[in-house]
Each structure stands twice: as C-alpha cells, then as structure tokens.
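**Q** There's a structure below that I have some questions on.
The values are calculated or read from the model by the stated rules, or taken from the named source; none is laboratory data. Since we're looking at a predicted model, the values are computed, not measured. The area values use the complete protein model at the heavy-atom level, side chains included, leaving out ligands, DNA and RNA. Shrake-Rupley method; radii C 1.70, N 1.55, O 1.52, S 1.80 Å.
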Amino acid sequence: MSYDDMEREMPHELEQWRENPFIYRFPAGESQQDLVQKLQTLVMEFEGHVRPVAIISHVSTLQVLYSYFLGHKFRPEKYHTLKFPKNTVIEMTPSHYGWQERRYDLSELSPDSNTFPGEVYDHNTNFYSRSEAEHDAKADD
C-alpha cells in the first residue's frame, strides 16, 4: 500500500504513525520496536557466522537490520527513513570497530559479464573512541 493509498483509506492511522513511527503499530501489524526485539536473537546468530548470510525481506525488517550495522550512527526514531534501492545487493563485512558496506547494482549487470563494480562505504562505529554524547551528536548530523 502506498502513502497516497493510506492517506485516502486510513488517514488517522497514517497520522498516528507519523507521530511516532518507531513504536506505532498499524492494525494487525507490528512496530519497528517490536521488530528490534524480535530480531535480536537473529542478529546475534549473524555475528557468529563465518560464511555469508543472505537476507531478503520487506523494508521494515531491512531498516531494522541495516540500522544495527550502522550502530550508534542511526537513532531508532529514524529507522523508517532508510531507503533501499531496487535491484541492489548490499554486502556488509566486519571491519575494525564497525562494518564495511559494498553495494552492487544488479540492474547494471551485463549478460556478457559475471562481475561488476561495487560502491564501498565504511560504517566504523568507533565505539571505544568517542563518548556517548559524541555518538548522539554525530547521529543528529
């Protein structure tokens, strides 16, 4: 359902969600806060894997999991703002004090090639080098 559809069909629900998207539950749904609690065990399991793990899911779950990899850089009330491009694989690799991200745009993959360049982003959380206040200030940027 698109935002326009929701605006027409359930404006009151959409308004409540906009007030607090992290904790609001749509009827018969779950909030992102619910997902955080539900996914904690799964995240801990990912941490122990030595082989790649593929995650294919709907956007709310991806937003929560991706936010985990961003660490303190992203506050829960902003999870809903994360966007994921279509036809893109996001690879997260552990690195020193954080994660390295590489994005592969599959829409640019040529049928004659089995390789394509990826864009690299570092999400170094530096947990041990900054105070909590500095983390919070950085998250607001």
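**Q** Ordering 89, 36, 43, 50 by accessible area with a probe of 1.4 Å, largest first, what comes out?
**A** My answer, sorted largest first, is 50, 89, 36, 43.
**Q** Just subtract the alpha-carbon distance of residue 84 and residue 34 from 0.36 nm times their residue separation and send over the number in nm, one decimal.
**A** 15.9 nm
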